[in-house]
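Down below is the structure, laid out as structure tokens.
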Amino acid sequence: MAITTRPRGTNDILPAKIGIWHKIEDTIRRICHQFGYEEIRTPIFEHTELFERGIGEATDIVEKEMYTFTDRGQRSITLRPEGTAPVVRAFLENKLYGGTLPAKVYYVGPMFRYERPQAGRYRQFNQFGIEALGGADPALDVEMILIPIEVYKAVGLKDFEVQINSIGCPSCRTAYREALKDSLRENIHKFCPSCQSRFDKNPLRILDCKVKECIELTKDVPVLVDYLCTDCSEHFSKVKEYLDALNINYSLNNRLVRGFDYYTRTVFEIISVGLGSQNAVGGGGRYDGLIEEVGGQPHPAVGFAAGLERLVLALENQNMEVADQRTPDCYIAQFGGQTKTEAVKLAYELRQAGLWAEFDYMEKSLRAQMKAADKFGAKFVIVIGEEEIASNQVKVRSMVTGQEELVSLGDIKEYLIGHGGEKDGSMEANS
RNA sequence: GUGGGUAUAGCUCAGUUGGUUAGCGCGCCAGGUUGUGGCCCUGGAGGUCGCCGGUUCGAGUCCGGUUACUCACCCCA
């Protein structure tokens, strides 16, 4: 394997493309804070058993998609495939249940799943997630939908839609599962092969099948919502009531089921049209049983996660370019004798003042330095030659107007700031 | 894990029925201007034609394999 080739399913995010990531990350932090969610950072890897227990032994993730290895202490370690189980672990380990509940947290970071890459799916990908642990209020379910909507709107995502469903609690879901199987049993041989294997393993997923014939065959099948117990039904009604009161557009999708075992009651997905086959930019739901499953006292909780690569893809499909608009405040051109030393000194001085100053590292001719300054989009070029050093006056050329002025070396900082230089002052603050 | 498509310079691509020194455009570097950018002109650098094997006098071109990328399935963000 060529060492200059990155591992399959991974990506380099190059400087030319980093702008959109910064915009997304900044937006996430701002909006989460407005909703009172604070950042939590958990390890990139955890004990394998956390995911086996949390996500479910029979799920695809645990069966075939985890990056698992044995460390030098013979422990089985897994690169996190999702963010909820680690947050639940941190909630228990750090006894956050002893603080104010619900604990409202968000995270941004890489996840790992061993899958065949395709559009919008990678082996290392970034997720933004939010979790509210220790709260059963339907208003929390609604916040899980509100926050991503606000984030998507703020970064400029168009054409996305929210779908919601309730899959009930273990007791009402069990009743439904049996009713569903009863209605399918007679015709199960007509379904696609994967649906036939789902029949025993996870019959609810049959509702989610994309094969035309299967969709047709499940047209008149019982609907999960009709089987919800009183508590689950009331909870779902409240969620819808709040969404309606907030004028949030959503559609009820009674075929929406999600892949992890831990979901209960509310589940939802946010779909971006025009994303290709992997069109869910985000999804989540309530997981009232997970905290107990992982070994804590029972606490209801609800969460959401969004794939950032998919969000970037969707924004790119809208032809949104987020380039870094900043350009250097000046380019210092120099030639001959001691002028390079003067350029190095002046650049440092201007940079300490919070300005962006560039100069040549490649021993270019003056002409080539001018070309470089132009390519950078520098606002001014400062020309330092032997004459300028002798007279202590340098030429400052506006790259917009082409006008040149003589400015004494000591006044350049003020000149640039007075002519639109962007002081960010970060280095000044230290002195 | 299964199936389709693709692979030629930093980038986008062309390359005829197999034919001798593999090209265009953009980008990069230099010069035209020994102290001045954009436009223009001239020149230059840069290729194991993904990799391995086969057919052939001869393969970027045909065949087989392989790897990577890509799209889709399963599943998920």
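The values are calculated or read from the model by the stated rules, or taken from the named source; none is laboratory data. Quick caveat, the model's predicted, so the values are computed rather than measured. Heads up, the Cβs are rebuilt from the backbone with ideal geometry, glycines too, and the neighbour counts pull from every protein chain shown. All accessible areas refer to the heavy atoms of the entire protein, side chains included, with ligands and DNA or RNA removed. Shrake-Rupley method; radii C 1.70, N 1.55, O 1.52, S 1.80 Å.
Some values worked out for this structure:
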| quantity | calculated |
| --- | --- |
| Bridge type composition, chain A - antiparallel percent by DSSP, nearest 5 | 80 |
| Rounded tilt (10° steps) of A:339-352 against the dominant C-alpha axis of chain A | 50 |
| Per DSSP, loop chymotrypsin sites (Phe, Trp or Tyr not before Pro) in segment A:242-349 with at most 14 further Cβ within 10 Å | none |
| Cα gyration tensor category, rounded, prolate or oblate, for segment A:330-420 with a/c compared to 1.5 | rounded |
| Shape of segment A:70-184, Cα gyration tensor, a/c cut at 1.5 | rounded |
| Probe 1.4 Å, protein heavy atoms only - accessible area per residue of segment A:330-420 in square angstrom | 54 |
| Most mobile of A:382, A:44, A:130 in a GNM of chain A (Cα contacts under 10 Å) | A:382 |
| Choice from A:377, A:98, A:402 showing the highest fluctuation, given a GNM over chain A with Cα pairs closer than 10 Å | A:402 |
| Loop-resident sites, segment A:282-338, for GluC sites (Glu not before Pro), counting at most 12 other Cβ within 10 Å (DSSP) | A:321 |
| Highest-fluctuation residue, A:113, A:351, A:123 considered, GNM on chain A with Cα pairs under 10 Å | A:351 |
| Accessible surface of chain A, 1.4 Å probe, proportion on carbon and sulfur as whole % | 49 |
| HN-Hα J in Hz across segment A:373-384 - Karplus 6.51, -1.76, 1.60, θ = phi - 60°, x for Gly and Pro | 4, 5, 5, 5, x, 4, 6, 9, 10, 9, 9, 10 |
| Loop sites in segment A:1-50: chymotrypsin sites (Phe, Trp or Tyr not before Pro), DSSP, at most 13 other Cβ within 10 Å | none |
| Under-5 Å amide H pairs with residue A:167, H placed in peptide plane, nonlocal only | A:265, A:266, A:267 |
| Placed amide H near residue A:289: partners under 5 Å, 5+ positions off or other chain | none |
| Segment A:29-74 - accessible surface per residue (Å², probe 1.4 Å) | 64 |
| Among beta bridges that DSSP assigns inside segment A:330-420, antiparallel share in %, nearest 5 | 55 |
| Charge dipole magnitude, Cβ of K and R +1, D and E -1 - chain A, Cα centre, debye nearest 20 | 1000 |
| Residue A:405 accessible area, assembled protein chains, probe 1.4 Å, Å² | 90 |
| Pairs from A:181/A:219; A:23/A:371; A:371/A:395; A:379/A:413 whose Cα-Cα separation, in the structure shown, is over 19 Å | A:23/A:371 |
